[in-house]
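Notes follow once the structure below has been shown.
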Amino acid sequence: MTFTRIVALGCTMAMAATTVPALAQVANEFSIAKVMKVGTSSQPISGSGTVKVQVQVNADGSHKAMKVISSTNPGDNAAAMEIAQNSSYRPAHRGTTPITSFYDFELKFNGKSVSHTEQGGGGGAPSALAGAPSSVTGPIDAAIRAHQYDTAISKANAALVSSPGNPAILQLLGIAQYYNKDYPSAAATFSKVDTIGKEFQPLAADAFASASVQESQTNPSTALDYAQKAVGLANNSNSQFALGVAQLANKQYPQAITTLKAVHDKTTDPKTKVAIDRQLLSAYLATNDTAGANATTAEMKQLDPTGGSATTAVGSHYIQLGNDAMTAKNYDDALKDYDQAAATGDPKVTVTANTGAAFAILSMQKPDYQKAQSYAAKAVAAAPNDPQANYAAGVSMVGIYANSKKASDKQQALDFLNKADQAAKAAGNTALALQIENQIKNIPQ
């Protein structure tokens, strides 16, 4: 019983290598708002000084001069506010998507002349939010603007201890986590806010979409919830793609096809279209839609003739089927699915498939250890340092040794398992290393 349980868990971990292309993961660089044309003022200029005005620049390009942030000559404040309001701006962008942000417009007055210093920091966060004292939100905001996201997160968490559930602090925390590229944490934080500020909704939508794609393979229901929230906040291609991936993960194949097809038809960028096609191909294969699968495969080969995207997608589909069969303890079906995955010829898929096939055999009621070793050997030959492949080879040799009692078989088992242990530790996979070490301890004498 112990032997079978360890093997089954190892197989589950082995299959975790198959990932979803994260189109919705917002790796696109953030670009701040920019002044396109400096306005004029009818207000008198009282003398030299520097005035910084906060301007809210909306995604559609409209704007509003909000307040004076700092000033070395208050006599110039009225002129600075009028100039800021009469100027024109290009909105901030996340990738190619315009978003609402705040811009710090710094004006230097020298006698009767005025010059503008372009903002160099990473705006996008508010200077203050309603719902919490500025003495609380100010330091968090300042840390975000200085790109000190870990500091901002720490300050926000500290503030929440004395003011739990405060929406202003939570939104700043979500913003900091988002810019720190911790999308699942940002999504979890934004989920605690009943009404997200309009100016932050595009950013929160990106956080939900990115987290949804990341969670789709491990937490399908959470992924679907996040994707639906993303669509509710910003019904754009990123959000819709995340929804399609989440629907696919939840086996809602017709809905996934409809959603992804709509995003596909709006997309012109080849790389983006290939990423969408990979998801569509999985959905078509799951529904046995041969025509849809063939058409999608043909397009992928046309758009990515040397990248092998179509082959990888097909292989990943059969690996997922194998994973599902393993979870259901349908080991014969799992073996067939892994064989089909390996047949695609994709190198990485083949390693994972052969490893999975070995674990499928080892999990059967009467394992054929020689056959399992044959699969594991192919995986190790293709990826000598893969911890799962070596683990499968080691467990297979343990089974062979249990029957043969040959010292050479035991030594081979130890060699594979020790190598697997070292590789697992090198990869930071402590859980797998513990399984392997437990297997070593349980080798029959």
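Throughout, read-outs are computed from the coordinates displayed, never taken from laboratory work. All of these numbers come straight from a predicted model, not from anything done at the bench. Quick reminder, even Gly has a Cβ in these numbers, built from the backbone with ideal geometry, and neighbours come from all protein chains shown.
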Does anyone have the angle between helix 290-303 and the longest principal axis of the chain? Alpha-carbon axes, 0 to 90°, nearest 10?
60 degrees
Kindly write out, for the range 381-396 in residue order, the coupling ³J(HN,Hα) from the Karplus curve 6.51 cos²θ - 1.76 cosθ + 1.60 (θ = phi - 60°), rounded to whole Hz, with x marking Gly and Pro.
4, 7, 9, x, 9, 6, x, 5, 4, 5, 5, 4, 5, x, 5, 4
Using a Förster distance of 25 angstrom, determine the FRET efficiency expected from the C-beta separation of ALA328 and ALA407, and round it to 0.05.
0.05
Dipole magnitude of the chain, debye to nearest 20 (Cβ charges: Lys/Arg +1, Asp/Glu -1, about Cα centre)
340 debye
Length added when fully stretched, ASP265-LYS348, from 0.36 nm per residue minus Cα-Cα:
26.9 nm
Give me the distance between the Cα centres of the range 358-389 and the range 61-102, rounded to whole Å.
63 Å
Using Cα atoms only, what is the angle between the long axis of helix 347-362 and the major principal axis of the chain, expressed in degrees (0 to 90) to the nearest 10?
50 degrees
Built amide H within the under 5 Å cut-off of ILE99, gap 5+:
ALA92, HIS93, ARG94
Once a ≥ b ≥ c are taken as the square roots of the eigenvalues of the Cα gyration tensor of the range 180-336, is the result rounded (a/c under 1.5), prolate (a/b larger than b/c) or oblate (a/b not larger than b/c)?
oblate
Can you work out the base-10 log of I(q)/I(0) for the range 286-371 at q = 0.11, 0.17, 0.18, 0.24 1/Å, using the Debye formula on its C-alpha atoms alone?
-0.33, -0.69, -0.75, -1.08
19 Å Cα-Cα reach of LYS64 towards aspartates and glutamates, excluding residues that sit fewer than 8 places from it in its own chain
ASP76, GLU82, ASP104, GLU106, GLU118, GLU199
Helix-only estimate, please: 222 nm mean residue ellipticity of the chain, summing -39500 (n - 2.57) across DSSP H runs of length 4 or more and dividing by its residues, to the nearest 500.
-19500 deg cm²/dmol
Residue-wise HN-Hα coupling along the range 325-336, computed from phi with Karplus coefficients 6.51, -1.76, 1.60 (Hz; x: Gly, Pro)
5, 5, 4, 7, 6, 9, 5, 5, 5, 4, 4, 4
With everything on Cα atoms, drop me the angle between helix 270-286 and the longest principal axis of the chain, reported from 0 to 90° to the nearest 10.
40 degrees
Can you find, among THR97, SER87, GLN56, the residue farthest towards the positive end of the dipole of the range 33-117? Put +1 on the C-beta of Lys and Arg, -1 on that of Asp and Glu.
THR97
Run down the lysines and flag those whose C-alpha is under 20 Å from the C-alpha of LYS273, throwing out any fewer than 8 positions away in its chain.
LYS261, LYS301
